[in-house]
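Engineer: I'd like to ask some things about the structure below.
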Amino acid sequence: MKLIRVGKLFAGLFFAALAAGASAQTITSLDFPGALATTAFAINDAGVILGIYGDTSKAAHFYVRSNTGKYTSFDIPGASPAAPGMGINKFGVIAGYDIDPGKVHHGFVRTAKGAIKTFDVPGAGKLSGQGTFVSAIDNAGTIVGFYFDSNNKHHGYVRSNAGTIKTFEVVGAGHTGTAPASINLAGTVAGTWKDIHGVWHGFMRTATGTITTYDAPGGTNTYGGLINTGGTIAGWYLGATDAVHGFVRSAGGAFTSFDAPGAGTTSGEGTVTLAINTAGVVAGPYTDSAGIEHSYVRAANGTITDFDPTGATQTEAWGINTPGDVVGYYTDASTVVHGFLRTP
């Protein structure tokens, strides 16, 4: 599963750091003041950015960067930040998850004024690697994610702004279970689930609880999960050669497959989608035939522009907002990790 590889790259590059397409795009490097490493994972419509940085003592912290460039650090009491499950809505409310000293995961919500509240899904396991994970937050303050129970099976949940939590499962999900990844303003949740045969599929769940599953045509495994206000879903799938291909699924169920220019065509290579905005613009990383990651933006009309910040040796795009601003992180030749902001 490519996202797992992407997550490992985050951990490897970020914590190791602690031990150009065409057109008028502008790419700004993001570095928390005095940090050894900086990442960026999400950006809201106001241009507020959310990420993680490592300080000079090699400890990791969350940060928020305002649209004027002011950085604010914050921590969850008694815990370390975890990524990439985090999001920020247009009101500046942040949702994410952390890891306690016992390596148990917990969800949290942080208001725009800085008040933090942690939460756990009833039934979440309390051993190392278990607990509550957060995937996304919408503008109404509804949070979606998944939790690992005491048997290490994961299930989906939806948490309302008032704190009410409802859990759910895709019928036929195996031990790995159900993994929501996003939610739109209509309350439709999108995500991925794994069946008893070990095959991954996409799903969408309406606000009333109706679940529809799907597979990308020609795919051996489908990883969906990014849904916008119009009901368009973006994701990726494994093809016959185990190369990764991006896709967009319309609200009516029509699929369009795509590959970033320069993406490799063999196992472990290809195109991943990690973000979609209201206009249907998609962004993410792709891996070339040399195993190097770059980033791309795909317009709603299908035009794809790839990019790397100046001096980057690896680049991963993670978030996009309505205006089309993209955030992510890259590694330079000295293996230092920096966040970036790309404006169209």
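Engineer: Mind computing the radius of gyration and Dmax over the alpha-carbon atoms of the stretch 158-265? Å is fine for both.
Structural biologist: Here Rg and the maximum Cα pair distance are 14.3, 46 Å.
Engineer: Quick one: net charge around F146, please, counting Lys, Arg +1 and Asp, Glu -1 for every other residue with C-beta under 15 Å from its C-beta.
Structural biologist: Summing Lys/Arg as +1 and Asp/Glu as -1 gives +2.
Engineer: Once you have a ≥ b ≥ c as the square roots of the Cα gyration tensor eigenvalues for the stretch 136-206, tell me rounded if a/c is under 1.5, and otherwise prolate or oblate according to whether a/b is larger than b/c.
Structural biologist: Because a/c hits 1.5 or more and a/b fails to exceed b/c, the stretch 136-206 counts as oblate.
Engineer: Restricting to Cα atoms and excluding each atom paired with itself, what does the Kirkwood estimate give for the stretch 52-119 in Å?
Structural biologist: 12.5
Engineer: Determine the distance separating the Cα centre of the stretch 265-344 from the Cα centre of the stretch 133-197; give it in Å without decimals.
Structural biologist: 26
Engineer: List the pair-distance distribution P(r) of the stretch 15-141, using every Cα-Cα distance, as the percent of pairs falling in each 5 Å bin from 0 up to the bin containing the longest distance, rounded to whole percents.
Structural biologist: The percentages, shortest bin first, are 2, 11, 20, 22, 19, 14, 8, 3, 2, 1, 0.
Engineer: Can you give the calculated 222 nm mean residue ellipticity of the chain, where each DSSP H run of n ≥ 4 adds -39,500 (n - 2.57) and the sum is split over every residue, rounded to the nearest 500 deg cm²/dmol?
Structural biologist: It comes out at -1500 deg cm²/dmol, rounded to the nearest 500.
Engineer: Does the stretch 228-334 come out rounded, prolate or oblate by the C-alpha gyration tensor, with a ≥ b ≥ c the root eigenvalues, rounded set by a/c under 1.5 and, if not, prolate when a/b is larger than b/c and oblate if not?
Structural biologist: Verdict is oblate for the stretch 228-334.
Engineer: If you add up the charges near T38, with Lys and Arg at +1 and Asp and Glu at -1, over every other residue whose beta carbon is less than 10 angstrom from its beta carbon, what do you get?
Structural biologist: 0
Engineer: Note down the net charge around V134, summing +1 for each Lys or Arg and -1 for each Asp or Glu among other residues with Cβ under 14 Å from its Cβ.
Structural biologist: Every neighbour counted, the sum reads 0.
Readers should treat all values here as calculations from the given coordinates under stated rules, not as data from a laboratory. For clarity, every value in this text was computed on a predicted model and none was experimentally measured. For neighbour counting, all protein chains shown are included, and Cβ atoms are generated from backbone atoms with ideal geometry for every residue, glycine included.
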